[in-house]
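The values are calculated or read from the model by the stated rules, or taken from the named source; none is laboratory data. All values reported here derive from a predicted model rather than from experimental measurement. Ideal geometry is used to build each Cβ from the backbone, glycine not excepted, and the neighbour counts take in all protein chains shown. Ligands, DNA and RNA are excluded from the accessible area calculation, which covers all protein heavy atoms including side chains. Shrake-Rupley method; radii C 1.70, N 1.55, O 1.52, S 1.80 Å.
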Amino acid sequence: MQSDVKLGVGSSNPASARRRRLIGAAGLAATGMAWAAPASGDPVRFGQSVALTGPLAELGQALYAGAKVGAGVVNARGGVHGRPLELVTLDDGYDTARAVANVRRMLGEEGCLGLFGCMGTPMIEAMLPLLRGSDVPCFAPLTGAVSTRPRDMRNVLPIRASYPDEVDRLVQHLATLGLRRIGLVTQENAFGNEVAQAADAATARHKLGLTGRATVRSDASNAAEAAKQLADAAPEAVLVGLAGKPTIGFVKAFRMMRRGTPLYALSVMGSAATLSALGDDAAGIAVAQVVPLPGSPLVKVSRDFMQAWAAAGTPLAPSHLALEGYINTQVLAEVLRRCPSPFTRAGFLQAAWGLRSFDVGGFTLGFDAPGRGASRFVDLTLIARDGRFIH
């Protein structure tokens, strides 16, 4: 079943939509975040295809919720040039065919100016042929895969750091600790292959040795064998390039064999469902993150996010992924503010490429070359015994 969710002000009932805008603005004003009349002009529409159901629904729902809260903040502040930002969000269930159909619909009958916050490496790869040779913006796609960042497509504008950026940061940390024998486990898919290539490059650059390699199938059917293979190699630490079920199977098996060996994982590992399934075995795993710690009192954008999240009454727990969705809407709004009126796709792209050093409350980013993310920020967090991420 196709789920059609519209964020911001989309509604077939203008009076009802305006009432929701005023209620939302009042809630944000109570937190000191609103200082302009709520946006009330014709909406500026961007389309988002995301997994609200299916195997990665938890991730899609967090991203959706963060974007929803972010759009609410933008509109309570007056929108962009007095026009509300509307995100038309369609569920693809983490299915490429549905994602492509969503793109056609959003750019057709939904009349979206571009795409925003579409999720998943396979989905973005499937969308790219539709966008190649066009001026349709694909803004802030949720994937760190290099394959989704063509160097010859200026209309693809990723924000988050890439998977190789994450791997390099983890390896750099291991080198700083003086560890030299590093194990590597990756998933048997394109994501895992990219992590493996990045690990080879990073360990060579930092003069470390890869001691033992293993791969885990996406159904985790060989997770125990992969864990034994790495445990027998006796590495000083293990880089974990896994997501979802393979992470759970491998970590549980490896912990039984070598509980004291440190594990270092990429950001895709840290979903609430994975942490819950791992239980006590999650404690002590270091995880790379591409945005600041959501609950950090030291980072302004984290404070703003938590304040807006509470004001919106969102039932989900705040997370790094929700904060990423929130940040991305603030960057989207800034690009639109820099666009000439009336908005055009070409004007949007020109404004985006003019965004070179934009500070989103202590999180600075800028677009400098096709194929690269606007941010290279990678933070290291640790999973505490209660499942929280800490520094």
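Taken together, 94, 64 contain a single residue that is assigned to a helix (DSSP H, G or I) and of a type in the set (Phe, Trp, Tyr), which is 64. Only one of the listed residues (179, 174) is over 21 Å from residue 62 (Cα atoms) and outside any loop (DSSP other than H, G, I, E, B). That residue is 174.
Each residue in the stretch 204-219 was checked for being surrounded by fewer than 20 Cβ atoms within 10 Å (Cβ to Cβ) and touching a helix residue (DSSP H, G or I) at 6+ places or on another chain (Cβ under 6 Å), and 4 pass.
Every condition in (1) surrounded by fewer than 16 Cβ atoms within 10 Å (Cβ to Cβ); (2) under 27 Å from the mean Cα position of the chain (by Cα); (3) farther than 30 Å from residue 364 by Cβ holds for residue 201 except the one numbered (3). The residues of the stretch 238-271 include none that are within 20 Å of residue 195 (Cα to Cα), over 26 Å from the mean Cα position of the chain (by Cα) and among the small types (Gly, Ala, Ser).
One residue stands out in the stretch 178-198 among those that are more than 24 Å from the chain's Cα centre (by Cα) and crowded, with 16+ Cβ neighbours inside 10 Å: the one that is nearest to residue 242 (Cα to Cα), namely 183.
Table: residues versus (1) of a type in the set (Asp, Glu); (2) under 30 Å from residue 152 (Cβ atoms); (3) open to solvent by 10 Å² or more (accessible area, probe 1.4 Å); (4) touching a residue at least 40 places away in the same chain (Cβ under 8 Å).
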{"position": "327", "(1), (2), (3), (4)": "no, yes, no, yes"}
{"position": "331", "(1), (2), (3), (4)": "no, yes, no, yes"}
{"position": "335", "(1), (2), (3), (4)": "no, yes, no, yes"}
{"position": "349", "(1), (2), (3), (4)": "no, yes, yes, yes"}
{"position": "356", "(1), (2), (3), (4)": "no, yes, yes, no"}
{"position": "361", "(1), (2), (3), (4)": "no, no, yes, yes"}
{"position": "368", "(1), (2), (3), (4)": "yes, yes, yes, no"}
{"position": "373", "(1), (2), (3), (4)": "no, yes, no, yes"}
{"position": "385", "(1), (2), (3), (4)": "no, no, yes, yes"}
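The sole residue among 298, 242, 275, 293 that is out of contact with any Leu (no Cβ under 7 Å at 6 or more places or on another chain), of a type in the set (A, V, I, L, M) and farther than 24 Å from residue 142 by Cα is 298.
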